Amino acid sequence: MALRVIGLVIPSGAAAFKAVNVAQKAGVHTSSVRSLRYGWLAYALGERTTPRLKQNSRIITLDGNLSSGKGALAQKLADKLGMLYMPEPDTFYLDKMTGEKEPLPVDFNGMCSLEKFYADPKAADGNSYRLQMWMYTMRLLQYADALEHLLTTGQGVILERSPFSDTVFLEAMFKEGYIRKECVQHYNEIKGISLCEFLPPHLVIYVDLPAEDVQKKLKQSGKSYLQNVPLTYLKSIEDSYKKSFLPKISETSEVLAYDATQAQDVERVVEDIDYLKFEKGPWLEQDDVTYHHMRMLVEDKQKVATLTHIPKFLPEITIGAHDYDEKYYAYKSLPGKRYAPGYNADVGDKYIWLK
């Protein structure tokens, strides 16, 4: 499968996490010298999660249509609440995890293109579903990063969208005829075996901007590939949010909804958050034992990525053995990729024989 290329490059544990988020507090799970991972021994020696969780130790996601203003609100809320802001991942989020100085070719990043999707959403090579599946994987990895940060530092995290809301794009793609029914079935199967492993957000904030206004903002964005996004596609995303995602997520998470004008009043949003009691959802059932198991999962990014793989043939995301072999050795031939980090003389690593 094309998405299995992810297995070639994901670092595990704290190393992957620190590549994306520079600032984090010291603890048993990590070391600036050895990059130690949290594990059973740390738990046996008394490392616990609940003592560090405070009032704002929460996961908050900002959701809404394209260019609805959720990113600006997320940043301001993070500043006001003293939380970590994690912007929405792109197709090159994996490169950020591995600390690449420059984005690697798309062959090592899902073999898909966002620009191509907007230019030719019905491309015969299956780019649309390959992009959707890859982005779900990236959102899942970012969500694992967010949970790891929360559980290891106690600092809350604010994200733009999440793997829980990713389905709005799948539903819109299918409604517009961009992907096949078999792709929807595959996605739902993947989601069914992966998302259940994670706790949902404490709070979902939805920014409502009518699809017509979204389209106008996209045309004013200056990005050529966003100039002709169909209004019907934008309306499908909006409908999926309101009719599918929000009613479902409200069963386990708190939900606040604002129109685009109201969302600019950060003080009001903060006040509304303060009034919430957070009295529903699986977070109420957690203790140090369950947090321990969650930490073990989310620090293992390879295991998280593997949750999105099932042995099923689907032309959109399947590549042959020879192509996979070719891409594997092409990756290994890149500077600094032949051996583990620190052991590659071709990028200037020194004293290798002493390590």
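The values are calculated or read from the model by the stated rules, or taken from the named source; none is laboratory data. All values reported here derive from a predicted model rather than from experimental measurement. Cβ sites come from the backbone with ideal geometry, for glycine too, and all protein chains shown count toward neighbours. Calculation scope for accessible area: heavy atoms of the full protein, side chains included, ligands and nucleic acids excluded. Shrake-Rupley method; radii C 1.70, N 1.55, O 1.52, S 1.80 Å.
For the reader, a short list of remarks on this structure follows.
- Residue check: residue 303 meets all listed conditions (1) in a loop (DSSP other than H, G, I, E, B); (2) at pLDDT 90 or above but one, namely (1).
- Residue match in the stretch 114-128 (condition: touching a helix residue (DSSP H, G or I) at 6+ places or on another chain (Cβ under 7 Å), among the polar types (S, T, N, Q) and either open to solvent by 70 Å² or more (accessible area, probe 1.4 Å) or outside any helix (DSSP H, G or I) (or both)): no
- Filter result (polar (S, T, N, Q) and modelled with pLDDT of 95 or more) within the stretch 263-291: 286, 290
Quick grid of which residues meet (1) out of contact with any Lys or Arg (no Cβ under 7 Å at 6 or more places or on another chain); (2) over 27 Å from residue 292 (Cα atoms); (3) open to solvent by less than 20 Å² (accessible area, probe 1.4 Å); (4) of a type in the set (Lys, Arg):
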| position | (1), (2), (3), (4) |
| --- | --- |
| 172 | yes, yes, yes, no |
| 181 | yes, yes, no, yes |
| 196 | yes, no, no, no |
| 212 | yes, yes, no, no |
| 225 | yes, yes, no, no |
| 244 | yes, yes, no, no |
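- Helices (runs of 4 or more DSSP H) wholly inside the stretch 146-236 containing at least 1 residues that are in contact with a helix residue (DSSP H, G or I) (Cβ under 9 Å, 6 or more places away or on another chain) and hydroxyl-bearing (Ser, Thr, Tyr): 167-175, 181-194
- Qualifying residue in the stretch 250-268 (condition: surrounded by fewer than 19 Cβ atoms within 10 Å (Cβ to Cβ), in contact with a strand residue (DSSP E or B) (Cβ under 7 Å, 6 or more places away or on another chain) and closer than 30 Å to residue 42 by Cβ): no
- Residue check, residue 234 within 14 Å of residue 64 (Cα to Cα), among the hydrophobic types (A, V, I, L, M, F, W, C), touching a residue at least 24 places away in the same chain (Cβ under 8 Å) and in contact with a strand residue (DSSP E or B) (Cβ under 6 Å, 6 or more places away or on another chain): no
- Subset of the stretch 54-77 that is part of a strand (DSSP E or B) and of a type outside the set (Val, Ile, Thr) - its residue that is surrounded by the fewest Cβ atoms within 10 Å (Cβ to Cβ): 63
- The lone exception for residue 10 - which of (1) modelled with pLDDT of 90 or more; (2) under 17 Å from the mean Cα position of the chain (by Cα); (3) over 30 Å from residue 256 (Cβ atoms); (4) not acidic (Asp, Glu) it fails: (1)
- Screening 89, 51 for residues that are modelled with pLDDT of 50 or more, closer than 30 Å to residue 256 by Cβ and part of a helix (DSSP H, G or I) leaves exactly one candidate, 51.
- Among the residues of the stretch 237-272, those that are polar (S, T, N, Q), under 16 Å from residue 62 (Cβ atoms) and in a helix (DSSP H, G or I) comprise 262, 264.
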